[in-house]
1. Might you let me know whether the range 24-41 holds any residue that is open to solvent by less than 40 Å² (accessible area, probe 1.4 Å) and within 22 Å of residue 127 (Cβ to Cβ)?
2. Please verify whether the range 112-135 includes one or more residues that are buried (at least 20 other Cβ atoms within 10 Å of the Cβ) and not hydrophobic (A, V, I, L, M, F, W, C).
3. Are there any helices (runs of 4 or more DSSP H) wholly within the range 13-96 with 1 or more residues that are under 22 Å from residue 156 (Cα atoms), and if so which?
4. Does the range 142-160 contain any residue that is assigned to a strand (DSSP E or B) and touching a residue at least 60 places away in the same chain (Cβ under 8 Å)?
5. Does residue 103 satisfy the condition of being more than 12 Å from residue 57 (Cα to Cα) and in a loop (DSSP other than H, G, I, E, B)?
Amino acid sequence: MSMIGHYLRLTPTELERALKDPGWAAAHAHAQYDGDDTAAATRMHETDKAWHALDFLLGRRGFPVDVLFGEADMPWPEGEDWGYGPPRLLTADRVRAAVDALDAHTPDSLTDGVTPADLAAADIYPQIVWERGEEPDWVAAHWADLAKYLRAAARERDAILLWIS
């Protein structure tokens, strides 16, 4: 089974409700995922299996916002688990901070000086890809897509709920 990074944009009203009601948040996330609505699809994003490599590469470059795991716990009861732990949050202000830092962390520069052997040695998921010697270019493509998603969220002043499943 693969581990996939998931994102859900939340309006201020949706965030207020999600903070109070984890059941609603889970149902809302699943409805966005399962819907055929194009507008709903723009509220969701996935980094596929690139999440761990993105975290490693962005951390190595000193990216100032944790756009892979979020920066705040949700104030929910213990035991909320959406796959590999509870979802976490990027507030609208932290989404804006991430967008402000994007120009200094372009997809083209993300993998500069990094080899598959470096990623394998750091035990970055999915390990098999790096052990086979595949180049990390596909990770940079996921960063480009995530950057577009972050920009759209910042334009709308949305917060983002993140989880791995």
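The values are calculated or read from the model by the stated rules, or taken from the named source; none is laboratory data. Predicted, not measured: the structure shown is a model, and the values here were computed from it. Cβ: placed from backbone, ideal geometry, glycine included. Neighbour counts: every protein chain shown. We work out accessible area using only protein heavy atoms, side chains counted, and drop any ligands, DNA or RNA first. Shrake-Rupley method; radii C 1.70, N 1.55, O 1.52, S 1.80 Å.
1. Scanning the range 24-41, I find no residue that is open to solvent by less than 40 Å² (accessible area, probe 1.4 Å) and within 22 Å of residue 127 (Cβ to Cβ), so the answer is no.
2. no
3. Fully inside the range 13-96 and qualifying: 22-34, 38-41.
4. Within the range 142-160 (the criterion being assigned to a strand (DSSP E or B) and touching a residue at least 60 places away in the same chain (Cβ under 8 Å)), the answer is yes, since at least one residue qualifies.
5. So residue 103 does not fit the description; no.
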